[in-house]
Structure formats: C-alpha cells, structure tokens
Amino acid sequence: MVNKSKRAIVTGGSRGIGRAIVKELAARNCSGILFSDIVFVDNSCDECVEEIQKEVDNLGTKIYGFKADASSFADAQATIDEAIKNMGGVDILVNNAGITRDNLLLRMSEKEFDDVININLKSVFNYTKAVLRPMIQQKYGRIINIASVVGIIGNAGQANYSASKAGVIGFTKSTAREVASRGITVNAVAPGFIETHMTAKLNDKQREALLNNIPLNRLGTPEDVAKVVGFLSSDEAAYITGQVIAVDGGMTM
Ligand code: NAP
C-alpha cells in the first residue's frame, strides 16, 4: 500500500507527457498535485483541472491548476507560493514544460532561438531555484527534469532545442552535486520520440525514417516516460541522483 503523502508540481501539465506524469504521480504517492501551464487564460483553467481531477478521482489525489509562464522567474516563484498555500509544501518538482521552434541554423531567427532557450532551459532554473529553499528546509526533495535524447546526440534542424536540452542535462548534474547532502535528488529523463502534440507534425516519410532508428520499432507513449518519472520521484529511487535516463526505445544505446 502506497503512503500518499507527497506533494508535487508539474510544469506544462495540461497535456502530453506532463498530463501523463500528473496521472502517474496521482497513482503513486501524491496526495496533492499542482500543475502550472501557460494554457490557462484568466480563470478559465477550471475545466482542465476538473477534467484531470475526474481522471484521478478514485486515487484520492487533489489536483490544482495555476496559470504561469515557465520562462518567467516571477511566475515560478508565484507557482511555488501557490503550491505551498494549497498543499502545505512541495516534495516533487517535475520540470516538463517545453516547446520546439525547428529550423535549419541558416534560417533560424533570434526569436526562435531565444524562445526555446527561455521556455526549455531558463524555466528549469526558475522553478528549481524557487523550490530549493523549501526543499532544503524540509531536508527532502525529488527534482526531475525532462530533457531529450537530442540533447545528447543532436538533431539537424534543432540546434536551439538540442542546446536547451543539453543545457538541462548540465544543469541537472551540477544541481544534483550541490544539493545531494540536503536529501534532494535531481535527475533528468531523456525521451526519444513520443506520440504527443509535439511530434504530431511528422509526416509518414519522417515517421518511417525515425522508426528505422528505433530498435523497439515504435514511437513511445507519454505513459512510457511518466512511469520513469514516477519511479524517480519515489523513495525507491533514493540512491539515484545526477543521472540521465533515456526513454527512447533503444535509439541512443
Ligand atoms: P506538448 O504536448 O506540446 O506539451 C507541452 C506542454 O508545455 C503543454 O502543456 C504546453 O502548454 C506547456 N508549455 C509550453 N510553453 C509553456 C510555457 N511558456 N509555460 C508553461 N507551460 C508551457 O509536448 P510534450 O511532447 O508533452 O513535451 C513535454 C516535454 O517533453 C517537453 O519538455 C519536451 O521538450 C519533452 N520531450 C518531448 C518529446 C516528444 O517526442 N514528444 C521528446 C523529447 C522530449 P500549452 O498547452 O499552452 O501549449
């Protein structure tokens, strides 16, 4: 029987991998989960929160939604404050919010570069910094950053995205070293190609080419990623920190 005592924040949790993570954490050890997302306009987040709450209702987890731009330092602090107000603290932080703005470097605009770095990498700094003090005070924390295999092997047309995810990996390892003595673990999960809104733009030819490079011969599901995040967030993973776990069907072995 799982002791449901943990409180979590998931950035970009309204859909895709983030939403699967919210559901996985609810199924595991979380009594409360706050997901922040830019998708909420004014106070119209209620519908999305209600929908996710319904999906996890039988698990005894309370879901909270909060409108925040992950690239904003001030929004990150406001999110942590809101989580502490509603749930009494934060034990698990999943930095999941992310975007792509793909282009060959010759054509890539400054805005395409900056947007990806700010939303994928600076967001990880924003939220980790905001959550660190309360985690240090309680001498416990699990931080899981969603990177990508292209942060390890690169990908033509994704110089901005690959740089942001390689940055997330470096940030994960440095932070893990800084806070290990405080009972906090920091790990990264590096998904390969996962069936979400982000990969929906691939045409059949691109899909086939991808499959040729995936030994398990299928794209991953958001749940494939969420299961690993769930494990890293648990007490079973207490002796794992500073690691990058690829969930990629064998693409990068
Ligand atoms: P997705 O379906 O596009 O979902 C991304 C989520 O992030 C959405 O909820 C989105 O909100 C939110 N978001 C975007 N910009 C934001 C901002 N400025 N502030 C707060 N939230 C924001 O993508 P996904 O595939 O689930 O990706 C989740 C994570 O996995 C990302 O970090 C991505 O880089 C990583 N990843 C994905 C794959 C893949 O193949 N799908 C592979 C490797 C890594 P809106 O709904 O408002 O857009």
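Please work out if Val22 is assigned to a strand (DSSP E or B), in contact (Cβ under 8 Å) with a residue 12 or more places away in the chain, within 25 Å of Thr221 (Cα to Cα) and within 11 Å of the ligand (Cβ to nearest atom). No: the conditions fail for Val22. Does any residue in segment 95-106 that is over 18 Å from Ala226 (Cα atoms) come within less than 7 Å, Cβ to Cβ, of a residue that is assigned to a loop (DSSP other than H, G, I, E, B) and open to solvent by less than 30 Å² (accessible area, probe 1.4 Å) six or more places away or on a different chain, and which pairs are these? Sorted first by the residue in segment 95-106, then by its partner, the pairs are Asp102/Gly157; Asn103/Gly157; Leu104/Gly157.
For Thr185, the conditions (1) touching a Leu at 6+ places or on another chain (Cβ under 7 Å); (2) open to solvent by less than 40 Å² (accessible area, probe 1.4 Å); (3) not aromatic (Phe, Trp, Tyr) all hold with the exception of (1). Only one entry in Val186, Val244, Val150, Val168 is closer than 23 Å to Ser14 by Cβ and aliphatic (A, V, I, L, M), namely Val168.
Could you tell me how many of the residues in segment 113-169 are of a type in the set (Val, Ile, Thr), in contact (Cβ under 8 Å) with a residue 60 or more places away in the chain and within 16 Å of Met198 (Cα to Cα)? Residues flagged as of a type in the set (Val, Ile, Thr), in contact (Cβ under 8 Å) with a residue 60 or more places away in the chain and within 16 Å of Met198 (Cα to Cα) within segment 113-169 amount to 2. Under the condition of being outside any helix (DSSP H, G or I) and either more than 9 Å from the ligand (Cβ to nearest atom) or not small (Gly, Ala, Ser) (or both), the residues counted in segment 114-152 number 9.
State whether the residues of segment 39-47 include one that is at pLDDT below 95, touching a helix residue (DSSP H, G or I) at 6+ places or on another chain (Cβ under 9 Å) and assigned to a helix (DSSP H, G or I). No, because not a single residue in segment 39-47 is at pLDDT below 95, touching a helix residue (DSSP H, G or I) at 6+ places or on another chain (Cβ under 9 Å) and assigned to a helix (DSSP H, G or I).
The values are calculated or read from the model by the stated rules, or taken from the named source; none is laboratory data. Note that the structure is predicted; figures quoted are calculated from it, not measured. Because the Cβ atoms are built from the backbone with ideal geometry, glycine has one as well, and the counts that use them run over all protein chains shown. SASA here: full protein model, heavy atoms, side chains in, ligands and nucleic acids out. Shrake-Rupley method; radii C 1.70, N 1.55, O 1.52, S 1.80 Å.
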